[in-house]
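Enquirer: Below is one structure. I have some questions about it.
Read-outs: derived from the displayed coordinates by stated rules, not from any lab. All of these numbers come straight from a predicted model, not from anything done at the bench. Cβ: placed from backbone, ideal geometry, glycine included. Neighbour counts: every protein chain shown.
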Amino acid sequence: MNASTSSANSLPQPRPNEKPLALKTRLKGPIESMSLLRKSLLFAELSMIAYNDDAEVREAVAEVGFDNIHFFDNDGSQAYEISNKDDCVITCRGTEPNEWNDIKADANAISVIAETAGRVHSGFKKEVDDLWPLMEEKLEGETRTLYFTGHSLGGAMATICAGRCHLSKIKAFPKELYTYGSPRVGNKRYVNYCQIDYKRWVNNNDIVTRVPPPWMGYRHTGQEIYIDSHGKVRQISGWRRTGDRFRGFFRGLLKFQIDHLSDHSIRRYIDYIANAVCNEEGISREELYAQGPQSDL
């Protein structure tokens, strides 16, 4: 496997109390052949992988079915290109609570003029500006099916990167974009300017999906896939959505949790999507685990 870095120290390092990776997906062919939920589970796991140290990332992607990895890093902005003979996936690394660069990006909600159209979140744009020249050079001449994914800040970055890729001079074209717990990225003109097949996962009270607020001009885009307070994939809106959020909030209080924060966990997204896969395919969790690289979940 290959990794692109300026020094070995720039690679993601092990963190205290980091949970070991436990993956459920093993590729048996091109990603395009998978169901929506199977793809959603795969990309959620790849989004989680991006948080871990380099050694674990390399081991995990090999178990899933990827044999190449390329690490992008510039001024604290980070992403991975993970690929095999069929597919290429760009997964952007999300918010790290102890990383000042990420905190600044999340907090800076001032919008600026985008390169394409409309206005975009300046903090997220800065993160992508640091990485895009490296990605563009790497993707030049890419012919495999290309996907973008990310969780939290990584979801915002993946959204902007996919848009730039779509409109750039390079031949690589984003097939699909999957995000989990992504904040709003830009104003209405910006998010509607570039049409990409975008699946945007939202878990009940995940607070990050509600910022920056609409009154500042920010909008979501893509096909929202909502997970309700019971962890079920449902399409509900209006007062029913409001009621479901209240149920999730009070259920969290009973567990001494702040639901708005706990619902943002990428591991919680993965757990609920895995349940949805089992329900759709009529299999047990044990059978799902047996299909993956590990069976110790």
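Enquirer: What is the magnitude of the charge dipole of segment 23-291 about its Cα centre, with +1 placed on the Cβ of each Lys and Arg, -1 on the Cβ of each Asp and Glu, and no other charges, expressed in debye to the nearest 20?
Expert: 1340
Enquirer: Can you compute the FRET efficiency between R251 and R285 using 1/(1 + (r/R0)^6), with r the Cβ-Cβ distance and R0 = 22 Å? Round to the nearest 0.05.
Expert: 0.55
Enquirer: Quick one: grab the alpha carbon gyration tensor of segment 118-207, order the square roots of its eigenvalues as a ≥ b ≥ c, and give me rounded if a/c is under 1.5, else prolate or oblate depending on whether a/b is larger than b/c.
Expert: In terms of gyration-tensor shape, prolate.
Enquirer: Another question, then. Taking 7 Å along the Cα-to-C-beta vector as the label spot, tell me the Q195-E63 distance in nanometres, rounded to one decimal.
Expert: 4.1
Enquirer: Then there's this: Under a plain spin-label model, where a point goes 7 Å from the Cα along Cα-to-Cβ, how far apart in nm are E224 and V211?
Expert: 1.8
Enquirer: Right, here's the next one. For the residues S35, S168, S40, S182, what sequence is obtained by ranking on other C-beta atoms within 10 Å, fewest first?
Expert: Values: S35 11, S168 16, S40 24, S182 29.
Sorted ascending by nearby Cβ count, the order is S35, S168, S40, S182.
Enquirer: Return the lysines within reach of K175: Cα separation strictly under 27 angstrom, same-chain partners fewer than 8 residues apart disregarded; answer none if there are no such residues.
Expert: Filter leaves K24, K28, K39, K85, K125, K126, K138, K188, K199, K232.
Enquirer: If packing is taken as the average count of other Cβ atoms within 10 Å, what order do 149-160, 242-253 fall into, highest mean first?
Expert: Working: 149-160: 29.4, 242-253: 15.4.
The peptides rank, most packed first, as 149-160, 242-253.
Enquirer: Rounding to the nearest 20 debye, state how big the charge dipole of segment 193-285 is about its Cα centre with +1 on each Lys and Arg Cβ and -1 on each Asp and Glu Cβ.
Expert: On the way: 15 positive and 10 negative charges, 53 e Å.
Taking the Cα centre of segment 193-285 as origin, the dipole is about 260 debye.
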